[in-house]
Structures are given as structure tokens and as C-alpha cells.
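The structure under discussion appears below in the form of C-alpha cells.
Taken together, the values in this text are just the output of simple stated rules run on the coordinates, not laboratory data. All figures in this text were calculated on a predicted structure; none of them were measured in a lab. Don't worry about glycine lacking a Cβ; one is built from the backbone with ideal geometry, like all the others, and counts go over all protein chains shown.
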Amino acid sequence: KQEVTQIPAALSVPEGENLVLNCSFTDSAIYNLQWFRQDPGKGLTSLLLIQSSQREQTSGRLNASLDKSSGRSTLYIAASQPGDSATYLCAAFRGQNFVFGPGTRLSVLP
Amino acid sequence: GAGVSQSPSNKVTEKGKDVELRCDPISGHTALYWYRQSLGQGLEFLIYFQGNSAPDKSGLPSDRFSAERTGGSVSTLTIQRTQQEDSAVYLCASSLVFPASGSSYEQYFGPGTRLTVT
């Protein structure tokens, strides 16, 4: 059974810092891994999708990497801004199973 | 609007009553997903549809839960004889196609329905 964990559970940083969020999964035979952000009281917004054949994806200040062999993905946020404050979730997909991590709650202080 | 919509946004119901939650996916999206997010817990995958078919219903928490999709579009999640532990935010998502190995997809989420069972 796939299990997804995320470290840290919460993170507070001053504006402008670069930061890394970590996602680990137990079953490396995934098809895709996706990163989302969730704002309080709202649904999820897709940030980046990495296919199993890819090693990283970039969008603006965000960069996500995937290392299937070690069961890890990282989300790198450059030059963080207060608007980046949200909960960040990773989700691993294989077969008919979508498994989400518990999320990292990020606070970027002005 | 071009996004996934869900209704109602909030639902308060008494224990034992039935509720129906609705999801309108993005037009043209063949895959549709239901999730549940309980307070302080992560997202729990419930069920997905490929077109109107739900190949795997094992993720539904109990036989009080059922879901259907008609016309390859709107989906309803029905909870019968609601219990307090059913209180959660129910999220719906859709994607252009259902993912397979090597294929690219993105799930687009609706804003959710907050269900409170008193």
C-alpha cells in the first residue's frame, strides 16, 4: 500500500528566502507525481506535474524534482513571497490509486 | 466559468438524513474524482469515473456512500443515513483523461462542499 509523507509539517520563513519542501513515497512504481497548493477554505490548485519518466519540472519560481529510485520528490520555491503562504500537498499516482501526503503548511512572513 | 464547480458549498444536515453532493467537471474532461478531507487529516481518495463508469468503488468508506455520473458530465455523491463522522469537506476534481503509465494529466479541483452532520 502506497504511503506518502511530507516533511516538514509546517514551515515559517521570512520573505525572500529560498525553501525546499519534501515528499516521500513508499512505492516507487508510480506513474506521476503532482504538487498542489491549498489555500484555507478553498480547493486545490495544481502547481506542477512530473511524469514517471521525468526528473524535474519548472514553473516560474517553482521547481519540482522526482527521484523514483529513492522514493522522493522535492518542491523548491525561490525568493518566497507572502502570497506563497498556503498548504502544499504532493500526490502520487499508480494504477487506480491516488495517494496524497498530509501537506506542509507554509507561512512566509513579510 | 471554465473550472470545476460543486454544490452546495455548505451543507448542514441532521444525523440520519440523506445528502446529495453535486460536481460539474470541466467540459470535455472524461475523468472525474471524489475526495474527502476531514479536519486535521489529509485527502482521502473515494472514487473515480472514466466516462460514466466507476471501475473501483473500494475507496468508498461504507455502503452508505454511492456515486454516479451521467452523460459523462455531472456527478453526484450520495451519503445515506449520515453520521457525524461523515462531516468533512468533499472535493471533486476532473482531468482530461484518466492517467496511465507515461501519460500526462492534471487534476483540476473544485472548491469543495463542506458537510456538517449534527
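See the values below:
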| quantity | calculated |
| --- | --- |
| Local electrostatic count, residue A:85, Cβ distance below 9 Å [Lys/Arg +1, Asp/Glu -1] | -1 |
| Segment residue B:56-residue B:2, length gained on full extension (0.36 nm per residue, minus Cα span) | 16.7 nm |
| Long-range tail of P(r) for the range A:48-91 (Cα pairs > 11 Å, %) | 69 |
| Formal net charge of residues neighbouring residue B:113 (Cβ-Cβ distance under 13 Å; K, R +1; D, E -1) | +2 |
| Rounded Å value of the spacing that divides the Cα centres of the range B:60-89 and the range A:12-91 | 30 |
| Lysines whose Cα lies under 20 Å from that of residue A:1, excluding same-chain neighbours fewer than 8 positions away | A:68, B:57 |
| Summed residue charge, Cβ within 14 Å of residue A:20's Cβ, Lys/Arg positive, Asp/Glu negative | -2 |
| Sorted largest first, extent of the range A:2-110 alpha carbons per principal axis (Å) | 42, 27, 20 |
| Computed FRET value (nearest 0.05) for residue A:79 with residue B:41, which takes r as the C-beta separation and R₀ as 35 Å | 0.65 |
| Sites residue A:63 and residue B:15, calculated FRET efficiency, Cβ-Cβ separation with R0 45 Å, nearest 0.05 | 0.45 |
| For the protein assembly as shown, radius of gyration divided by Kirkwood radius, i.e. Rg to Rh on alpha-carbons | 0.97 |
| Relative compactness, chain B, computed as alpha-carbon Rg over 2.2 N^0.38 Å | 1.02 |
| J(HN,Hα) series, the range A:48-61, from Karplus relation 6.51 cos²θ - 1.76 cosθ + 1.60, nearest Hz, glycine and proline x | 8, 10, 10, 6, 4, 7, 9, 10, 7, 9, 10, 8, x, 7 |
| Residues A:37, B:81, sorted so that the one with the fewest Cβ neighbours within 10 Å comes first | B:81, A:37 |
| Taking A:1, B:17 and counting other C-beta atoms within 10 Å, the order from fewest to most | A:1, B:17 |
